[in-house]
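Before we start, here is the structure in question, set down as structure tokens.
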Amino acid sequence: MTAELELYDVTIVGGGPAGLYAAFYSGMRDMKTKLIEAQDELGGKLLIYPEKMIWDVGGVTPIRCDRLIAQLIEQARTFEPTIVLGRQVTGLQRLDDGTMTLETDNGEKHHTRTLILALGYGVPRPAKLELEGADRYEVTNLHYTVTSLESFRGKRVLLSGGSDAAVDWAMELEPYAAGVTMVHRRERLGGHEKNVRSVMESTIRVMSPYVIEQLHGEGDRIAAVTVRRVNAVGEPTEETERLEVDAVLINHGHPGDFGPIADWGLEREYANIRAYERMATSLPGIFVAGDTASYPNKLKLIAGAFNDAAVAVNGAKLLLEPGAPSMAYVSSHNGLFNERNKALAAKQRS
Ligand SMILES: Cc1cc2nc3c(=O)[nH]c(=O)nc-3n(C[C@H](O)[C@H](O)[C@H](O)COP(=O)(O)OP(=O)(O)OC[C@H]3O[C@@H](n4cnc5c(N)ncnc54)[C@H](O)[C@@H]3O)c2cc1C
């Protein structure tokens, strides 16, 4: 048997807040744990907004998202789970002994007794600018996310999109950029009224309804963009304008993709996976957590993902050991942490 076919008690698919917290909590339940993430980095959707401040996680005072990701990862590694990056889980096979084999997009196999799907909306991939040849500028000045505001300093930025996130980005870029032009295909910008008002009162130029029609390259970079006015139903008008730019930023959303998991036969509710008691899905041995899960009053927040994760892990534990306590012993009284607490106390004294 190859190393990758070692049997795990639980395999978590997805390395966003739900998957990372599940990886920690399953260690508290003494379960042999593996986490598989499709992207090359852990963090899930948090990777879309690394420089944003997060205020609404209980007990965590305002924290930059990239810092929160780092802390989540550190916590997830507490009990040293196996972490596999850059592999999208695609296939599922049930074996006669009740265990499951997962297959990833490169053909690797993973053997597990239970499964927690923490998929978010699927692998988040930015909707690309639909212009032929646009992808060649992705290595230079065509961007789909803002990983560093500083990198836009002094630049003329054209931002395409009109969602809440696009409005947010425009406001954050304004103090850094030499100028920000927003191009939006609808008449009005989306998002919270207060934010839209802030954009309208700022130096940001809003062109709506307009769409990007052509990128004009100079060497390997975009030097200018032609935009075209469209009418209320999105049809092109005669009106165009050429804008000189240093950077083009596209925010057309991050449609998720469950990939082949969508065909596993899981009961779905809208785009999500239906969760039952202890976050069980309609398929035996498979649990769900985080934004993927659908149940009444589901909280689609980081805090909600944590709660789902712990409940799903408890569900998996009870399936494997029906006599086990219904939840882990609280961390403040859990012997698992005795040695670590001594080490932490010693560190704090020194
Ligand atoms: C712009 C923006 C701002 C936000 N701000 C806040 C905020 O301030 N506070 C807050 O609480 N929430 C906020 N949220 C919501 C929060 O990000 C989500 O609720 C949270 O990320 C959900 O975590 P998750 O683990 O369920 O899913 P995700 O974070 O989406 O993670 C899912 C992971 O699963 C992986 N995956 C999917 N399919 C597979 C597969 N087949 N194989 C392997 N891996 C797979 C994906 O690549 C992804 O990494 C915000 C969301 C956005 C988009």
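Name the residue, out of Val180, Val248, Val199, Val206, that is of a type in the set (A, V, I, L, M, F, W, C), within 14 Å of Ala166 (Cα to Cα) and part of a helix (DSSP H, G or I).
Unique residue meeting the criteria: Val199.
Okay, moving on. Being within 23 Å of Gly190 (Cα to Cα) and either touching a helix residue (DSSP H, G or I) at 6+ places or on another chain (Cβ under 8 Å) or within 16 Å of the ligand (Cβ to nearest atom) (or both): is that true of Ala166 here? I'd like the intermediate steps shown before the answer.
Details: within 23 Å of Gly190 (Cα to Cα): yes; either touching a helix residue (DSSP H, G or I) at 6+ places or on another chain (Cβ under 8 Å) or within 16 Å of the ligand (Cβ to nearest atom) (or both): yes.
Against the criterion (within 23 Å of Gly190 (Cα to Cα) and either touching a helix residue (DSSP H, G or I) at 6+ places or on another chain (Cβ under 8 Å) or within 16 Å of the ligand (Cβ to nearest atom) (or both)), Ala166 qualifies.
Condition first: part of a loop (DSSP other than H, G, I, E, B), within 11 Å of the ligand (Cβ to nearest atom) and either closer than 23 Å to Tyr49 by Cβ or in contact (Cβ under 8 Å) with a residue 60 or more places away in the chain (or both). Now tell me which residues in the stretch 67-104 satisfy that.
The initial filter retains those residues of the stretch 67-104 that are part of a loop (DSSP other than H, G, I, E, B), namely 77-81, 86-88, 95-99.
Now restrict to residues that are within 11 Å of the ligand (Cβ to nearest atom): 86-88.
Of everything in the stretch 67-104, those that are part of a loop (DSSP other than H, G, I, E, B), within 11 Å of the ligand (Cβ to nearest atom) and either closer than 23 Å to Tyr49 by Cβ or in contact (Cβ under 8 Å) with a residue 60 or more places away in the chain (or both) turn out to be Gly86, Gln88.
Okay, moving on. In the stretch 247-269, what residues are among the small types (Gly, Ala, Ser), within 30 Å of Phe152 (Cα to Cα) and more than 10 Å from the ligand (Cβ to nearest atom)? Lay out the reasoning, then the answer.
Start the filter on the stretch 247-269 by keeping residues that are among the small types (Gly, Ala, Ser), which leaves 247, 253, 256, 259, 262, 265.
With within 30 Å of Phe152 (Cα to Cα) added as a condition, the list becomes 247, 253, 256.
Matches in the stretch 247-269: Ala247 only.
Please determine whether any residue of the stretch 106-118 is without any contact (Cβ under 8 Å) to a residue 12 or more places away in the chain and away from the ligand (no atom under 13 Å from the Cβ).
Kept after step one, since they are without any contact (Cβ under 8 Å) to a residue 12 or more places away in the chain, are these residues of the stretch 106-118: 107.
In the following step, the residues that additionally are away from the ligand (no atom under 13 Å from the Cβ) were identified as 107.
Within the stretch 106-118, one or more residues are without any contact (Cβ under 8 Å) to a residue 12 or more places away in the chain and away from the ligand (no atom under 13 Å from the Cβ).
Right, something else. Just wondering, is there one or more residues in the stretch 252-264 that are part of a strand (DSSP E or B), of a type in the set (D, E, K, R), open to solvent by 80 Å² or more (accessible area, probe 1.4 Å) and not assigned by TED's automatic domain parsing to the domain that holds Met171? Lay out the reasoning, then the answer.
Kept after step one, since they are part of a strand (DSSP E or B), are these residues of the stretch 252-264: none.
Within the stretch 252-264 (the criterion being part of a strand (DSSP E or B), of a type in the set (D, E, K, R), open to solvent by 80 Å² or more (accessible area, probe 1.4 Å) and not assigned by TED's automatic domain parsing to the domain that holds Met171), the answer is no, since none of the residues qualifies.
Is it true that some residue in the stretch 24-34 is under 17 Å from the mean Cα position of the chain (by Cα) and either touching a residue at least 60 places away in the same chain (Cβ under 8 Å) or crowded, with 22+ Cβ neighbours inside 10 Å (or both)?
In the first step, residues of the stretch 24-34 are kept if they are under 17 Å from the mean Cα position of the chain (by Cα); the result is none.
No, because not a single residue in the stretch 24-34 is under 17 Å from the mean Cα position of the chain (by Cα) and either touching a residue at least 60 places away in the same chain (Cβ under 8 Å) or crowded, with 22+ Cβ neighbours inside 10 Å (or both).
Residues in the stretch 193-205: is at least one hydroxyl-bearing (Ser, Thr, Tyr) and under 28 Å from the mean Cα position of the chain (by Cα)? Spell out how you get there, then give the answer.
Taking the stretch 193-205 and keeping what is hydroxyl-bearing (Ser, Thr, Tyr), we get 198, 202-203.
Those still in the list that are under 28 Å from the mean Cα position of the chain (by Cα) too: 198.
Checking the stretch 193-205: at least one residue is hydroxyl-bearing (Ser, Thr, Tyr) and under 28 Å from the mean Cα position of the chain (by Cα).
Filter the stretch 40-60 down to residues that are open to solvent by 50 Å² or more (accessible area, probe 1.4 Å) and within 11 Å of the ligand (Cβ to nearest atom), then give me how many there are. First the steps, then the outcome.
Taking the stretch 40-60 first, the residues open to solvent by 50 Å² or more (accessible area, probe 1.4 Å) are 40-41, 45, 49, 53, 55-56, 58-59.
Filter once more, keeping what is within 11 Å of the ligand (Cβ to nearest atom): 40-41, 45, 49, 53, 55-56, 58.
So the answer is 8.
Which residues, taken from the stretch 270-290, are in a helix (DSSP H, G or I), open to solvent by 30 Å² or more (accessible area, probe 1.4 Å) and within 14 Å of the ligand (Cβ to nearest atom)?
So in the stretch 270-290, the residues in a helix (DSSP H, G or I) come out as 277-279, 290.
Okay, now just the ones that are also open to solvent by 30 Å² or more (accessible area, probe 1.4 Å), so 277-278.
Listed by number, the list is empty, since nothing qualifies.
Also, I was wondering about something else. Determine which member of the set Arg113, Arg125 is at pLDDT below 95 and under 29 Å from Val311 (Cβ atoms). Give the derivation first.
Values: Arg113 fails: at pLDDT below 95.
Exactly one of Arg113, Arg125 is at pLDDT below 95 and under 29 Å from Val311 (Cβ atoms), namely Arg125.
So which residues in the stretch 301-339 are of a type outside the set (A, V, I, L, M), surrounded by 12 or more Cβ atoms within 10 Å (Cβ to Cβ) and either not in a helix (DSSP H, G or I) or not assigned by TED's automatic domain parsing to the domain that holds Arg29 (or both), if there are any at all?
Of everything in the stretch 301-339, those that are of a type outside the set (A, V, I, L, M), surrounded by 12 or more Cβ atoms within 10 Å (Cβ to Cβ) and either not in a helix (DSSP H, G or I) or not assigned by TED's automatic domain parsing to the domain that holds Arg29 (or both) turn out to be Glu321, Tyr329, Asn334.
Filtering the stretch 105-143 down to residues that are in a loop (DSSP other than H, G, I, E, B) and of a type in the set (Asp, Glu), which residue is nearest to Leu301 (Cα to Cα)?
Filtering the stretch 105-143 for residues in a loop (DSSP other than H, G, I, E, B) gives 105-108, 118-119, 121, 123-133, 138-141.
Those still in the list that are of a type in the set (Asp, Glu) too: 105, 108, 130, 132, 138.
On the way: Asp105: 29, Glu108: 32, Glu130: 31, Glu132: 36, Glu138: 31 Å.
Looking at residues that are in a loop (DSSP other than H, G, I, E, B) and of a type in the set (Asp, Glu), I get Asp105.
Right, another one. Going by the structure shown, is Glu235 assigned by TED's automatic domain parsing to the domain that holds Leu149, under 29 Å from the mean Cα position of the chain (by Cα) and either more than 20 Å from Glu130 (Cβ to Cβ) or open to solvent by 50 Å² or more (accessible area, probe 1.4 Å) (or both)? It would help to see each step written out before you state the result.
Working: assigned by TED's automatic domain parsing to the domain that holds Leu149: yes; under 29 Å from the mean Cα position of the chain (by Cα): no; either more than 20 Å from Glu130 (Cβ to Cβ) or open to solvent by 50 Å² or more (accessible area, probe 1.4 Å) (or both): yes.
Judged against the criteria, Glu235 is not a match.
Among the residues of the stretch 142-151, are any free of Cβ contacts under 8 Å to residues at least 24 places away in the same chain, open to solvent by 10 Å² or more (accessible area, probe 1.4 Å) and not assigned by TED's automatic domain parsing to the domain that holds Asp30?
Taking the stretch 142-151 and keeping what is free of Cβ contacts under 8 Å to residues at least 24 places away in the same chain, we get 151.
Narrowing further to those that are open to solvent by 10 Å² or more (accessible area, probe 1.4 Å): 151.
Then drop every residue that is not not assigned by TED's automatic domain parsing to the domain that holds Asp30, which leaves 151.
Within the stretch 142-151, one or more residues are free of Cβ contacts under 8 Å to residues at least 24 places away in the same chain, open to solvent by 10 Å² or more (accessible area, probe 1.4 Å) and not assigned by TED's automatic domain parsing to the domain that holds Asp30.
Tell me whether the stretch 125-139 contains one or more residues that are closer than 30 Å to Arg268 by Cβ, within 11 Å of the ligand (Cβ to nearest atom) and buried (at least 19 other Cβ atoms within 10 Å of the Cβ).
No.
Regarding Glu187, is this residue in contact (Cβ under 8 Å) with a residue 24 or more places away in the chain and within 22 Å of Trp169 (Cβ to Cβ)? Can you show your working first?
Values: in contact (Cβ under 8 Å) with a residue 24 or more places away in the chain: yes; within 22 Å of Trp169 (Cβ to Cβ): yes.
Considered against the rule, which asks whether it is in contact (Cβ under 8 Å) with a residue 24 or more places away in the chain and within 22 Å of Trp169 (Cβ to Cβ), Glu187 comes out as yes.
Being closer than 21 Å to Val230 by Cβ and of a type in the set (Asp, Glu) narrows it down to one residue among Glu187, Glu150, Glu174, Glu193; which is it? Give the derivation first.
On the way: Glu150 fails: closer than 21 Å to Val230 by Cβ; Glu174 fails: closer than 21 Å to Val230 by Cβ; Glu193 fails: closer than 21 Å to Val230 by Cβ.
None of the other options fit; the residue is Glu187.
The values are calculated or read from the model by the stated rules, or taken from the named source; none is laboratory data. This structure is a prediction, so every number in the text was calculated from the model and none was measured. Reconstructed Cβ throughout: ideal geometry from the backbone, glycine too, with neighbour counts over all protein chains shown. Just so you know, the surface numbers come from the protein's heavy atoms only, side chains and all, with ligands and any DNA or RNA stripped out. Shrake-Rupley method; radii C 1.70, N 1.55, O 1.52, S 1.80 Å.
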